[in-house]
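Readers should treat all values here as calculations from the given coordinates under stated rules, not as data from a laboratory. From a predicted model like this one, the values you see are computed outputs, not experimental measurements. Positions of Cβ are generated from backbone atoms using ideal geometry, with glycine treated the same way; all protein chains shown enter the neighbour counts.
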Amino acid sequence: MNLWTGRDRRLSVVARALVQHAVVSVLALVVVGATAAITCVRVVQSQALRQAEGGGEVVATRVVAPLVTQAVYDGDPEAVRALDDRVRIRKAGSTIQRVKVWTADGLILYCDDTRLIGLRYPLAPEDKAVLESGGVDSDVSDLSKSENVLDRGFGRSLEVYVGTRDTEGRPILVETYFTADRLRADEAALIRRIIPVVLAALLVLGLLLVPLAYSLARRVARYERERQAMIRLAVEASSAERRRVAGELHDGVIQDLAGVGYALTALDAQIAGLGGAAAGGASEPPIGALRATLRTAQRLVHDDVLALRELTGMQYAADSGAADPAAALKVIAEGVREEGTPVEIIAGELPPLPAAHRAALIRVGREALRNAAKHAPGSNVVLKLAMEGDNAVVTVSDDGPGFDPSVARGPVDGHIGLALLTDAAEGVGGRLDLRSRPGRGTTVRLSVPVPRPPAATAGS
């Protein structure tokens, strides 16, 4: 049941990732498609306006300007008719919709719709600038300005303003409207050609990325499983460590304290016997027996103090990494010596280490020393702490009876809690080695990499 639940969870993670990829791909198609359409419209408009500007310049300089004489200013019907005939000939068969001639003060001097001649409208700043500089300006207009009240039937148009001069050298502004029907057709044609290609390319790209998205989703799911496994292992290791400490307290310190209580009770009874003997003349308990009882109580209390000191002080030091490995292991070794196991210490200089690395060295050294004292009593133990290449190494060797490492599989029940120590080593990128054979002693070795200090920056 748990297996299928985990598998369903992994499939769910991958499915969510693929759905997210599909949604993002669709949004990308929409955004890129809209952007491509807008770009096509702008490109077509730009080309259409450039073509219209060329046509507008021809109308202004070759058709209109040569016929704008003083007579046109005076309203001479013959002069206006001559200009109008020339404009209408130019309009015939072309895309020109309207031609207007403006003076600098906003007067419509001429228009092919005679109803607009003589009307006056303020020129826009950009139009006045074109008139004064003799330049060209163009735009796509919806003919919504007040001057276009009679032009709105044309719909969307291309407006071209050309600044030129009349026959007297006076500045005039020639405004030519071109139909935008061709513009709309060109826009639609370009969009029909470009958009499918862009969307197809994006769709192919999205499909090509599906395997990558699937692979990444599976990798994320695997990392999530590994993270959950590490959390479970850490919880189990912490629980196992607590059980080990509780077991040692129950089987060691608590039992010893109970023995002290029994010894003190016996001592109290013997002292009471001394009082009774003094009163009734009975034989007294031998002094040697009383002293033996006291020595037993003292030894038990002494042993328990050492055990509690190790379980509290060294446990904290190893877990927090606050202690110096050499100093902490020397304290632990002294405790092992007092229990009757000779320990030789060979401690070299170590560089500054992160707290987690120090904790791993202390923890493995402590467990190896304690197990040597417990399972190889009376053997010779050597503790070595030194640098080997780029690694800090702690090694604990004994010449005791040894054992079969294949039985040391549980986190607590094995000789040195192999699972816990392996976790401690792997947690800092280190390596734990255990070598032992029945009758050939035991060697525990932990090697942890020493992080390199950050390189100094130039000029620092």
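So here's what we get for this one:
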| quantity | calculated |
| --- | --- |
| Amide H contacts of Asp166 (H built 1.01 Å from N, under 5 Å, at least 5 apart or other chain) | Ile172 |
| Distance from the stretch 321-398 to the stretch 96-169 (C-alpha centre basis), Å | 97 |
| Residues with amide H under 5 Å from that of Asp139, placed H, sequence gap 5 or more | Glu159 |
| Top positive-direction residue, dipole computed over the stretch 24-139 with Cβ charges, set Trp102, Leu67, Gly54 | Gly54 |
| Cross-link partners of Lys100 among lysines (Cα-Cα below 30 Å; sequence separation of 8 or more within a chain) | Lys91, Lys128, Lys145 |
| Options Gly135, Leu158, Leu119, ranked by Cα towards positive dipole end of the stretch 112-159, top entry (Cβ charges) | Leu119 |
| Residues with amide H under 5 Å from that of Trp102, placed H, sequence gap 5 or more | Leu109, Leu173, Val174, Glu175 |
| From phi via Karplus (6.51, -1.76, 1.60), per-residue ³J(HN,Hα) for the stretch 46-56 in Hz, x at Gly/Pro | 4, 5, 5, 5, 5, 5, 5, 4, x, x, x |
| Sequence-distant lysines (8 or more away, or on other chains) whose Cα lies within less than 29 Å of Lys374 | Lys330, Lys384 |
